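The block underneath contains the structure these notes are about, expressed in structure tokens.
Read-outs throughout are calculated quantities, based only on the coordinates presented, and are distinct from any laboratory measurement. These numbers were taken from a predicted model, which means no experiment stands behind them. Neighbour counts are summed over all protein chains in view; Cβ atoms, including those assigned to glycine, are modelled from backbone coordinates with ideal geometry.
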Amino acid sequence: MKPIKAAFFDIDNTLYNWKKKEYNDSSIQAIKRLKKQGVKVFLASARPYMSQKEFGAFDLGIHWDGYIASSGAIAVVGNRYVKQTLMAEKDVRKLCSIAKKLDLTMEVVTPRTRFLIAPGNTYLESYHGTYSDIVPPVHPYKGGPCTGVLLFAPDSHDAEFQAALPHLTYYRFHPFGVDIMPEEHLKGEGIASILRELGIEDDEAISFGDDVQDISMKDHSFFVAMGNGKDEVKEAADYVAAPIGEDGLAKALLDLGVLL
């Protein structure tokens, strides 16, 4: 392995231990040591920026060099956007119209903020009961950049949305939660954008994750799956670490010779 110049970290079940409901301290300390070695470090989450911020990912005492948000729709180095995948305003407006007609709500995600277009309902309550996320404010969509929406609805409504906007990408990951995007969001593409900006080669980057949305990070980095990750993620990984509860991330950095 070449000397590592950039490292990318998923949040949920990679940095944050959901069983203990806390960030894993050994992981945080290891990333701080990486920074001192001169390695550039980045968050790489399916969460939009505002969710990462509200979840405390920027309050860990780590000076992140940037982040990937919304599973790769957004990639930032310092204060510079190096990738933004945005949905056409007319498509956002049509999605809002259909949702309101069906008495549903959805979360509109922008590069920096997020909001609900209508008050919450039992579908949203079920979703937030799973993910313990903060409920965004409510206000109408008035135009502007949008990376995608999170619709809170059962799959019985999927066909109507897909028939109305068949060119969009739909990813259902919860009984009452489906991401709707202009195209598939890939964390790997976010990594590629950041590496190009910094002049770093793919084999000089390492990434850590646990879920299916993390697999694409393998396309542009040495990919480490957490031992607590899904089986298909571990099968795709270049290296499988111990679980988060066993300090897998820090141990992997040491075992791979990345952390000196």
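Observations, loosely collected:
- Simple spin-label estimate for His63 and Arg196 in nanometres, 7 Å along Cα-Cβ: 2.8 nm
- Computed extension gain for Thr169 through Lys35, at 0.36 nm per residue and net of the alpha carbon distance, reaches 44.6 nm.
- Taking other Cβ atoms within 10 Å as a rough exposure proxy, Leu254, Leu95, Leu116 sort from fewest to most as Leu254, Leu116, Leu95.
- Residue exposure sequence - Cys96, Cys146 - by fewest surrounding Cβ within 10 Å: Cys96, Cys146
- Cα gyration tensor, the chain - rounded (a/c under 1.5), prolate or oblate: prolate
- Most positive-pole-ward Cα, Tyr131, Ile117, Ser216, against dipole of segment 115-221 from beta carbon charges: Ile117
- Inter-label distance, nm, simple model (7 Å from Cα along the C-beta direction), Lys19/Asp231: 1.9 nm
- Student exercise, segment 1-58 dipole from Lys, Arg, Asp, Glu Cβ charges, in Debye to nearest 20: 320 debye
- Here the residues Glu197, Glu235, ranked from fewest to most Cβ neighbours within 10 Å of their Cβ, fall in the order Glu235, Glu197.
- Legend: distances between Cα atoms for Lys40/Lys187; Lys2/Lys32; Lys21/Lys101; Lys36/Lys230; Lys19/Lys230; Lys2/Lys187; pairs beyond 26 Å are Lys21/Lys101; Lys36/Lys230.
- Considering only Trp64, Ala30, Phe9, the residue lying farthest towards the positive end of the dipole of the chain is Trp64, judged by Cα position with unit charges set on Cβ.
- Estimated dipole of the chain in Debye, rounded to 20 [Cβ of Lys and Arg +1, of Asp and Glu -1, Cα centre]: 900 debye
- For the chain, modelled as a GNM whose springs connect Cα atoms under 10 angstrom apart, the maximal fluctuation among Ile200, Ile215, Ile68 occurs at Ile200.
- Nearest 10 degrees, 0 to 90: helix 89-101 Cα axis against the chain principal axis: 60 degrees
- Extending 7 Å from the Cα toward the beta-carbon at both Lys2 and Arg80 defines two label points whose distance is 2.0 nm.
- Secondary structure note: in the chain, about 60% of the DSSP beta bridges are antiparallel.
- Dipole size of segment 89-181 about its Cα centre, with +1 on Lys/Arg Cβ and -1 on Asp/Glu Cβ: approximately 380 debye, rounded to the nearest 20.
- The angle between the Cα long axis of helix 187-198 and the main principal axis of the chain comes to about 60°, on a 0 to 90 degree scale.
- Using θ = phi - 60° in the Karplus curve 6.51 cos²θ - 1.76 cosθ + 1.60, the 3J(HN,Hα) couplings for segment 157-170 round to 9, 4, 4, 5, 5, 5, 5, 6, 9, x, 7, 7, 9, 10 Hz; x is entered for Gly and Pro.
- Theoretical FRET efficiency, 1/(1+(r/R0)^6), r = Cβ-Cβ of His139 and Ala159, R0 30 Å, to 0.05: 0.55
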